[in-house]
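Asks: The structure follows.
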Amino acid sequence: MVEQAKENPFKAELIQTAKDIAASGKGILAADESTGTIGKRFDQISVENNATNRRNYRQLLFTAPEIENHISGVIMFEETVDQATDDGTNFVKLLRSRGIHAGIKLDKGLVVLRGTDDENAT
């Protein structure tokens, strides 16, 4: 007799999360710029690349009026997960309170795929 595998307790949650993120008319905000990449953006507008300015920029994005009507998920850079608004609300908690899923960028940069014509993957 073959024993049936137990149902994954997170299956329903994963399905609901995927449905939430793929909600019609909404998108995903890629706020996952590394310290170097965000520095290039800041250079263009003469803003110093420091932790305070990066946090202020992200706060501006995440507290935008009615963002939850347009964004279903946010991809964050590692530094962002521990940052908070001026009133001390953690960014992940803030986004969740607005019905927005928060995730973190996991890639470590580009690598060349072996067996290809120098194609890259993250």
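Asks: Compute the helix-to-body angle for 51-62: its Cα long axis versus the longest principal axis of the chain, expressed 0 to 90° and rounded to tens.
Replies: Once rounded, one gets 60 degrees.
Asks: Would you please name the GluC sites (Glu not before Pro) within the stretch 1-94 that are DSSP coil residues with at most 13 other C-beta atoms within 10 Å of their C-beta? Could the numbers behind the result be given before it?
Replies: Details: sites: E3, E7, E13, E33, E48, E66, E68, E78, E79; in loops: E3, E7, E33, E48, E66.
When the GluC sites (Glu not before Pro) of the stretch 1-94 are filtered for loop state and at most 13 Cβ neighbours within 10 Å, E3, E7, E48, E66 remain.
Asks: Pull up the DSSP beta bridges for the chain and report the antiparallel fraction as a percent, rounded to 5. Could the numbers behind the result be given before it?
Replies: Numbers: 3 of 12 bridges.
DSSP beta bridges in the chain are roughly 25 percent antiparallel.
Asks: Give me a comma-separated list of calculated 3J(HN,Hα) values for the stretch 70-86, in order, Karplus coefficients 6.51, -1.76, 1.60 applied at θ = phi - 60°, integers in Hz, x for any Gly or Pro.
Replies: Ordered by residue, 3J(HN,Hα) equals 10, 10, 9, x, 10, 8, 10, 7, 3, 4, 5, 4, 9, 7, 9, 6, 4 Hz.
Asks: Would you kindly derive the ³J(HN,Hα) couplings of the stretch 13-19 from the backbone phi angles with the Karplus curve 6.51 cos²θ - 1.76 cosθ + 1.60 (θ = phi - 60°), listing them in order in whole Hz, with x for Gly and Pro?
Replies: Values per residue, Gly and Pro as x: 5, 5, 4, 5, 4, 4, 5 Hz.
Asks: Hey, any idea what Rg/Rh is for the stretch 39-114, computing Rh the Kirkwood way over Cα pairs? Present the calculation step by step, with values, prior to reporting the outcome.
Replies: Working: Rg = 14.1 Å, Rh = 13.8 Å.
Dividing the radius of gyration by the Kirkwood radius yields 1.03.
Asks: If you line up the long axis of helix 35-44 against the longest principal axis of the chain, both from Cα atoms, how many degrees apart are they, to the nearest 10?
Replies: 40 degrees
Read-outs throughout are calculated quantities, based only on the coordinates presented, and are distinct from any laboratory measurement. Note that the structure is a prediction, hence the values are computed from the model and not measured. Here the Cβ is made from the backbone with ideal geometry for all residues, glycine too, and neighbour counts use every protein chain on show.
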